[in-house]
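The structure under discussion appears below in the form of structure tokens.
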Amino acid sequence: MLVKVLSASNSGLEAIGIDVEVNVANRGLPTFEIVGLPSKAVDESKERVRTAIINSNIEFPSRRIVVNLAPGDVPKEGSFYDLPIAVGILASIIRFTTPKDSLFFGELSLDGALRHTKGALLLALFAKEKGIKNIFVPKLCANEAAVVKGINVYPIENINHLLAYLLNEIVIQPVKFKEVNEGKNIIRAEFDMSEVLGQEQAKRAIEISAAGGHNLFMSGSPGSGKTMLARALQGILPALIGGEQLEVTKIYSSAGRIPPEGSIIKIRPFRSPHHTISQVGLIGGGSRPQPGEISLAHRGILFLDEFNEFPRSVLEALRQPIEDGQVSISRSRERVRYPCKFMLIASANPCPCGYLHHPKKNCVCTQREIEKYRKRVSGPMLDRIDLHVDVPAVNVKELSEDEQIKIRLETSGQIRERVVLARKNQQIRFKEDNIYTNAEMKNMHINKHCKLAKEIKQLLRRAGIAFQLSARSYFKMIKVARTIADLENVPEIRVAHMAEALQYRSKV
């Protein structure tokens, strides 16, 4: 008997429809074969399905079983074909009709229970795109899939649970639709901005970076507070809005990083890889392409501490993704594309020993060592960073200030109010442009939204000559000035805004 069951395969952030054709024949030697370019994980489904059915107190047929995963020219990866294969076999031996307009998806345990399986959100989006009304997924994945409106998500606990439903013995209620909306930023950052003493210019740069989504480079001696500032940045960012939430959740669903019973992601990611990370780990890839750190930081923060210690080849690989906001990974059999619109926050020492220009300690590095150390980061890479700020050593007197002075320092919550207001201004401004922040503006957006007065153009022209600004840096200064204006909640860029933006230009 031939049974066809609908399922899907994940490729990057997309899903591809797969027809699982199960034929249980009365003639021939008892075998169990899977064809259609299955990977090792798919081939191992034979033993999982067989054992799960037996342990569910159902007699496994001693017949010739052939499973075809169509189309046959698409490589099949993953363990989520277990459930559709099991449904096809059960339909053949128990003689029930598989529900039409339905997708089956999930990995089986040996006891017949369904395990948490990555990619449930991608399956739900695929079902909606193709007009499929029902999907059957593991109970632990149901909340993840339920954020897609217009489909019925049936949470399945085990084989017997599903079989009882298919035989009309029980009723399974679909999981209620979970609306994607702006959530509260409930995250508590590792540090509060009020804990950072001194460093007023660096704090201002952090605020501008958060408000406009700009990249930031901090240079300073060890212990000056660079890492503390970067980790405090997470506490002043607004929560993800609806469209951003779905983008981030798709990436984490594809990578299998949404926990069991988890749902939509509302908090901006913060990724901080060690400087020994490989290029594949940072950018993404592998024989079976997976998202790298830059994609896992999408719509959030990628913090690269000890920036100059990263291999130059790894840093150079960042150049195109920073510019394009996406990375394409090509392999012999497939090509996938991952979004990677993140805020790059980098920090580094000014020299190998770290004490160049330190007010109290002497630098022991030679000029040649300093130049070699700085050349680990190329000019084109630094040119892609919007804000450059020096973080000087903090005077001990500032650390021992009276508690009343510390109380008067702004908290992360107070700064976040200004950042949220600036972001809302940008949402209104770019509602028809399919972008969210000033940092994402292209030249056409700048011409449309950033009208400059004559005196501002003159200031920018003089600065461009004096600082030898590239065309990219020229337009980055306009974006930063636009963000500073948004923080003050004024509609136009003023001379003071542009003058402040120019203070954060790289002098390298």
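Look at ALA145 and say whether it is in contact with a Cys (Cβ under 6 Å, 6 or more places away or on another chain) and surrounded by 20 or more Cβ atoms within 10 Å (Cβ to Cβ).
No.
Of all residues in the stretch 117-145 being outside any helix (DSSP H, G or I) and within 20 Å of the chain's Cα centre (by Cα), which is nearest to ASN55 (Cα to Cα)?
THR117
If you check PRO273 against the conditions, is it surrounded by fewer than 21 Cβ atoms within 10 Å (Cβ to Cβ) and not hydroxyl-bearing (Ser, Thr, Tyr)? Walk me through how you get there before you give the answer.
Working: surrounded by fewer than 21 Cβ atoms within 10 Å (Cβ to Cβ): yes; not hydroxyl-bearing (Ser, Thr, Tyr): yes.
For PRO273, the condition - surrounded by fewer than 21 Cβ atoms within 10 Å (Cβ to Cβ) and not hydroxyl-bearing (Ser, Thr, Tyr) - is met.
For ASN68, indicate whether it is at pLDDT 90 or above and on the phi > 0 side of the Ramachandran plot.
no
Select from the stretch 15-47 the residues that are in contact with an Asp or Glu (Cβ under 8 Å, 6 or more places away or on another chain) and either buried (at least 20 other Cβ atoms within 10 Å of the Cβ) or assigned by TED's automatic domain parsing to the domain that holds ARG337 (or both) and list them in ascending order.
Those that are in contact with an Asp or Glu (Cβ under 8 Å, 6 or more places away or on another chain) and either buried (at least 20 other Cβ atoms within 10 Å of the Cβ) or assigned by TED's automatic domain parsing to the domain that holds ARG337 (or both): ILE34, VAL42, SER45.
Taking the conditions exactly as written (of a type in the set (Asp, Glu) and assigned to a helix (DSSP H, G or I)), does GLU417 satisfy them or not?
yes
Farther than 23 Å from HIS116 by Cβ, β-branched (Val, Ile, Thr) and outside any loop (DSSP other than H, G, I, E, B): is that true of THR249 in this structure?
Against the criterion (farther than 23 Å from HIS116 by Cβ, β-branched (Val, Ile, Thr) and outside any loop (DSSP other than H, G, I, E, B)), THR249 does not qualify.
Which condition number in (1) in a loop (DSSP other than H, G, I, E, B); (2) among the β-branched types (Val, Ile, Thr); (3) touching a residue at least 24 places away in the same chain (Cβ under 8 Å) is the one that THR97 fails?
Only one criterion is unmet by THR97, namely (3).
Out of (1) of a type in the set (A, V, I, L, M); (2) in contact with a helix residue (DSSP H, G or I) (Cβ under 7 Å, 6 or more places away or on another chain); (3) crowded, with 21+ Cβ neighbours inside 10 Å, what's the single condition that is false for LEU197?
Going through the list (1) of a type in the set (A, V, I, L, M); (2) in contact with a helix residue (DSSP H, G or I) (Cβ under 7 Å, 6 or more places away or on another chain); (3) crowded, with 21+ Cβ neighbours inside 10 Å, LEU197 breaks only (3).
When you check MET477 against the structure, is it closer than 22 Å to ILE322 by Cα and surrounded by fewer than 20 Cβ atoms within 10 Å (Cβ to Cβ), yes or no?
No: the conditions fail for MET477.
Here is a list: LYS476, LYS424, LYS451. Which entry is assigned to a helix (DSSP H, G or I), out of contact with any Cys (no Cβ under 9 Å at 6 or more places or on another chain) and not assigned by TED's automatic domain parsing to the domain that holds GLU207? Break it down stepwise before answering.
On the way: LYS424 fails: not assigned by TED's automatic domain parsing to the domain that holds GLU207; LYS451 fails: assigned to a helix (DSSP H, G or I).
Just one listed residue meets the conditions, LYS476.
Can you tell me which residue within the stretch 322-378, out of those that are of a type in the set (Lys, Arg) and in a strand (DSSP E or B), is surrounded by the fewest Cβ atoms within 10 Å (Cβ to Cβ)? Give the steps one after another, and end with the answer.
Of all residues in the stretch 322-378, those of a type in the set (Lys, Arg) come to 331, 333, 335, 337, 341, 360-361, 368, 372, 374-376.
Restricting the remaining residues to those that are in a strand (DSSP E or B) gives 335, 337.
Numbers: ARG335: 12, ARG337: 17.
Only one residue fits best here, namely ARG335.
Somewhere in the stretch 153-166, is a residue over 21 Å from ILE241 (Cβ atoms), part of a loop (DSSP other than H, G, I, E, B) and out of contact with any His (no Cβ under 6 Å at 6 or more places or on another chain)?
Checked the stretch 153-166: at least one residue is over 21 Å from ILE241 (Cβ atoms), part of a loop (DSSP other than H, G, I, E, B) and out of contact with any His (no Cβ under 6 Å at 6 or more places or on another chain).
Would you say GLU316 is touching a residue at least 40 places away in the same chain (Cβ under 8 Å), within 27 Å of the chain's Cα centre (by Cα) and under 22 Å from LEU216 (Cα atoms)?
On the way: touching a residue at least 40 places away in the same chain (Cβ under 8 Å): yes; within 27 Å of the chain's Cα centre (by Cα): yes; under 22 Å from LEU216 (Cα atoms): yes.
For GLU316, the condition - touching a residue at least 40 places away in the same chain (Cβ under 8 Å), within 27 Å of the chain's Cα centre (by Cα) and under 22 Å from LEU216 (Cα atoms) - is met.
What are the residue pairs meeting all of these: first residue in the stretch 79-93, first residue surrounded by fewer than 24 Cβ atoms within 10 Å (Cβ to Cβ), second residue of a type in the set (Gly, Ala, Ser), Cβ atoms under 8 Å, and 6 or more apart or on different chains?
SER79/ALA41; SER79/SER45
Among the residues that make up the stretch 201-212, is at least one of them closer than 24 Å to PHE104 by Cα, assigned by TED's automatic domain parsing to the domain that holds TYR373 and in contact (Cβ under 8 Å) with a residue 40 or more places away in the chain?
no
Take ILE415 and tell me if it is over 30 Å from CYS363 (Cα atoms), at pLDDT 90 or above and out of contact with any strand residue (DSSP E or B) (no Cβ under 7 Å at 6 or more places or on another chain).
So ILE415 passes the test.
For the stretch 37-56, state whether one or more residues are within 16 Å of ALA91 (Cβ to Cβ), part of a loop (DSSP other than H, G, I, E, B) and of a type in the set (A, V, I, L, M, F, W, C).
no
If you check GLU244 against the conditions, is it surrounded by fewer than 22 Cβ atoms within 10 Å (Cβ to Cβ), acidic (Asp, Glu), under 30 Å from ALA142 (Cβ atoms) and within 18 Å of the chain's Cα centre (by Cα)?
yes
Out of all the residues in the stretch 111-130, is one or more crowded, with 24+ Cβ neighbours inside 10 Å and aromatic (Phe, Trp, Tyr)?
no
Suppose we filter LEU356, LEU344 for residues that are out of contact with any strand residue (DSSP E or B) (no Cβ under 6 Å at 6 or more places or on another chain) and among the hydrophobic types (A, V, I, L, M, F, W, C); which single one remains?
On the way: LEU344 fails: out of contact with any strand residue (DSSP E or B) (no Cβ under 6 Å at 6 or more places or on another chain).
LEU356 is the lone residue from the list that is out of contact with any strand residue (DSSP E or B) (no Cβ under 6 Å at 6 or more places or on another chain) and among the hydrophobic types (A, V, I, L, M, F, W, C).
Only residues that are in a helix (DSSP H, G or I) and of a type in the set (D, E, K, R): list them for the stretch 379-393, please.
ASP383, the sole residue that qualifies.
All but one of (1) at pLDDT 90 or above; (2) under 18 Å from ARG423 (Cα atoms); (3) in contact with a helix residue (DSSP H, G or I) (Cβ under 7 Å, 6 or more places away or on another chain) hold for ILE258; which doesn't?
Against the list (1) at pLDDT 90 or above; (2) under 18 Å from ARG423 (Cα atoms); (3) in contact with a helix residue (DSSP H, G or I) (Cβ under 7 Å, 6 or more places away or on another chain), ILE258 comes up short only on (2).
The values are calculated or read from the model by the stated rules, or taken from the named source; none is laboratory data. As the structure is a computational prediction, the values presented were derived from the model and not from experiment. So basically every Cβ, Gly included, is an ideal-geometry build from the backbone, and we count neighbours across all protein chains shown.
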